[in-house]
Amino acid sequence: MSGAGDPGEGSVEVPAAGEWRRLDARTLLVTALVLIGIALGAGLPTAVGMTGGMPLREALAWVLAGTVLLTVCGTGGEYVRWRRTRYRIGPERAELHTGLFLVKRRSLARERIRSVDLTASLLLRSFGLVKVRIGTGEHTGNESTLELDAVRRAEGERLRRELLDRPPGEPGPHREGMLAVLDPAWIGYAPVSFLAPLLGGTAAGGLLQVSDWFGAQAEVIDWVADRLRDTPLLWSVAALVAAAGLAGIVGTLGLWVEMWWNYRLEREPGGTLRVRRGLLTSRSVSIEERRLRGVELVEPIGVRLVGAARLDAVATGLVHDDEDKHADHKTLLPAAPTSFVHALAARVLREPVSPTRTARLIPHPRAARSRRLRRALAAVLLPAALLTVLGLLLTKALLYAAAATAILLPLAVVLALDAARNLGHATTGAYLVARSGTLRRTTVALQRGGVIGWTISQSYFQRRAGLITLTATTAAGEGAYSIKDAAQSEALTFAAHAVPGLLKPFLEPE
């Protein structure tokens, strides 16, 4: 299945420079179909619930009338928006005007435009349309973006090419073209993510909610209780957890396929990385290489245990899309074998070998491990002690809860030791490398030239242990990357060497 905005899909008339254009009129039909689906989806269960007080035919008639009213009113409002929305791409600015009584005018200087992302839901794709989001890479809300919802796919692709047109870069060791394509075997990493138990619990809650809508929640609970009536309590709990886990696995597989099907990462002429992916909703995200400051390997513990990792870009000007929760604009590669991730990181950074692989990390002192062990013991023993006291005063049930909490102590110790082992930092070539975390281990390779400042923090307990937390601030990615619980003297020397001159004024004796 092809992604949104594939070159050559359809043709579009190239407008004259500065000519005003409208959105595609087929957005009215898309809106009508969406409203019909929403009205029927909410109305049919309501009609079933109304059958207790009126005939089914009358209930359906009310639902149909409500559907027609909602569709007509909603489509009429969309028609007004369509009529009052226009855009143009001039030699110096991209402009969007919209609104009826209060006209909103937005304008972006073309030299500031850093991203043109294309998104198309299944319904938009069926009509050959895409949503175009033009951004400057500044985190100033809607003022730094223009959104065209929606235009023809060929028009969206033309806008992307025109607005991101850059002169070809100098040839390097890595050629332009496809850098990575989907390997169906990667879907096997989806069930070991944190989403599996979360989706399992959501499925159980959703089942109870839907059954409550139809007045059958008690019957569902009784049916499950009858199935487990002769089963010991421990096995009953295990069976319910297994059922929720299976639902979570199915959910993660479906979500992974929706997000990453037809995945491709390519380097386009002029130095732009383009990620295309998605089954029902196709997405196209572009990242200019000149705004790339490094990469980050993300290894949730389940994925890490099976030898895999995810690759994210550390770049300036990445947009966070609050409307599309699945559109993680910084992700270059889903969970894949770690060796492949390192190789792709090298190709993305145009390096012979990825700095995330070659860096020899400096381990952190024993005091850092002691801090993590103390935190782990406190996180388990303090709640267990509190539950024990309350159990002695109130009810024995809390004593069982205290015992169950104490059972987690060995796991907490193992995770604390793993977190201490994962601490490390180094410099290799033009990059600063830092690693930390256990449930979610991250290894970031940040260009030393991209560090714009250092933040040094030290708590009372860190001061007693001779430790500090050194944070590199940057305009890219998360904005700050920390080296936690490093030896004080060694960390300051490291910072002075990693970015010469930046910390020197603060290290000179008065």
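Nonpolar atom fraction for the chain, defined as the carbon and sulfur part of the 1.4 Å probe accessible area, stands at 63 percent. Per-residue SASA remark: GLU478, around 110 Å² accessible (1.4 Å probe; ligands, DNA and RNA not included). Span-like helix check, the chain: qualifying full DSSP H segments, with Cα axial length of 18 Å or more and mean Kyte-Doolittle of 0.0 or more, are 27-50, 56-83, 195-213, 233-260, 366-393, 409-422. Ignoring solvent entirely, what values of log10 I(q)/I(0) come out of the Debye formula for the chain at 0.05, 0.08, 0.09 Å⁻¹ when each Cα is a single scatterer? For the chain, the Cα-only Debye profile gives -0.28, -0.71, -0.87. Measuring nothing but how far apart in sequence close Cα pairs (under 8 Å, 6+ apart) lie, relative to its length, the range 208-348 scores a relative contact order of 13 percent. Decide, for the range 394-510, between rounded, prolate and oblate: order the square roots of the alpha carbon gyration tensor eigenvalues as a ≥ b ≥ c, take rounded if a/c falls under 1.5, and otherwise choose prolate if a/b is larger than b/c, else oblate. The shape class here is prolate. Simple rule: put +1 on each Lys or Arg Cβ and -1 on each Asp or Glu Cβ in the chain, find the dipole, and look at GLY254, VAL192, LEU292; the Cα lying farthest toward the positive end is LEU292. Only helical runs count toward this figure. For the chain, summing -39,500 (n - 2.57) over DSSP H runs of n ≥ 4 and dividing by all residues gives -14000 deg cm²/dmol at 222 nm. For the chain, the residue among SER236, GLY391, ALA426 whose Cα projects farthest onto the positive side of the dipole built from Cβ charges is ALA426.
The values are calculated or read from the model by the stated rules, or taken from the named source; none is laboratory data. The shown structure was predicted, so the numbers you read here are calculated from the model rather than taken from an experiment. A quick note on method: Cβ atoms are made from the backbone with ideal geometry, for glycine too, and the neighbour counts reach across all protein chains shown. Remember, those area values only see protein heavy atoms, side chains included, never the ligands or the DNA or RNA. Shrake-Rupley method; radii C 1.70, N 1.55, O 1.52, S 1.80 Å.
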